[in-house]
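Nothing in this text is a laboratory measurement; each read-out follows from the coordinates by a stated rule. Please read all numbers here as calculations on a predicted model, not as lab measurements. Cβ: placed from backbone, ideal geometry, glycine included. Neighbour counts: every protein chain shown.
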Amino acid sequence: MREAVDTGAGARSLADVVGIVADAQTYRNVLYLFLAFPLGIFYYVVLVLGFTLGVALSVILVGLVVLAGTVLGLRFVASFERGLSNRLLGTEIDAPDDVETDGGLVETTKAYLSAGSTWRGLGFVALKFPLGVLSFVLLVSLLGVALELLVLPLFPGGVFNVEVSGWRVARSFETATQRLLAVPVGAVLGVVALHVLNAFARANAAIASSLLGPGGDADEEVTSE
């Protein structure tokens, strides 16, 4: 009886480990991480250009306008990122409600610039670049290698030309036997990669929840498992 219970528990544990492959949320997480790198680069360029130009022209009114415009424009970026996180990572982040916009242009601008949500959003946008770089590294070094190993029997020269620290995956498996042995290795690495990427996606969801929500709370529900 005890052996039956242990066998059932082992089967459930194995199903939990491998079941990640059939979970649709896993692939939404991977898509989010895939988009993080190009978006991070774009945001970085906008930040550098906006603040560099604003500071350079700060001796005249134009520079201050550029700085304010850059900061306020990033609220739209934060709004986009909030929607992206809710749609792909399963968060439920509400829009900030700490800005009163009933006044004129000057008063509204001051309200936005003094709002905590503006600066939390700016912090998230600034973090997007390093998070995007790390996402790219994880995708290539784990998932990219796994996929390359899986397709080697069909494509001996490789498909993705994955290279990690000077090591090109396809060149390490020259014979037909080696390429066949690469398949189970790739399958195991693929499952491990998906677990690592899911964990990193949950970390991204927590950061988004803490910086893009109304009060910066990280208690929104995240459904990525």
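Put in order of Cβ neighbour count within 10 Å, fewest first, the listed residues 165, 117, 210 become 165, 210, 117. Using a Gaussian network model of the chain with C-alpha springs under 10 Å, which one of 147, 89, 64 is most mobile by mean-square fluctuation? Among 147, 89, 64, the largest GNM mean-square fluctuation belongs to 64.
Spin-label model, residue 159 to residue 183: label points 7 Å out along the Cα-to-beta-carbon direction sit 1.4 nm apart. For the stretch 23-212, the ratio of Cα radius of gyration to the globular rule of thumb 2.2 N^0.38 Å stands at 1.34. Projecting the Cα positions of 162, 112, 132 onto the charge dipole of the stretch 86-176 (unit charges on Cβ atoms of Lys, Arg, Asp and Glu, taken about the Cα centre) puts 162 furthest along the positive direction.
Normalised by the number of residues in the chain, the average gap of Cα pairs under 8 Å and 6 or more apart makes the relative contact order 29 percent. Here r is the Cβ-Cβ distance between residue 92 and residue 140 and R0 is 22 Å; the resulting FRET efficiency, rounded to 0.05, is 0.10.
How large is the charge dipole for the chain, taken about the Cα centre, if only the Cβ atoms of Lys, Arg (+1) and Asp, Glu (-1) carry charge, to the nearest 20 debye?
Computed charge dipole of the chain: roughly 860 debye.
Only helices enter the 222 nm calculation for the chain: every DSSP H run of n ≥ 4 contributes -39,500 (n - 2.57), and dividing by all residues gives -24000 deg cm²/dmol, rounded to 500. What the Cβ-Cβ distance of residue 174 and residue 203 gives, at R0 = 41 Å and to the nearest 0.05, is a FRET efficiency of 0.60. By the combined test of axial Cα extent (at least 27 Å) and Kyte-Doolittle hydropathy (mean at least 1.0), the qualifying DSSP H helices of the chain come to 24-56, 61-88, 116-138, 176-212. As a proxy for reagent exposure, ranking 128, 110 by other Cβ atoms within 10 Å from fewest up yields 110, 128.
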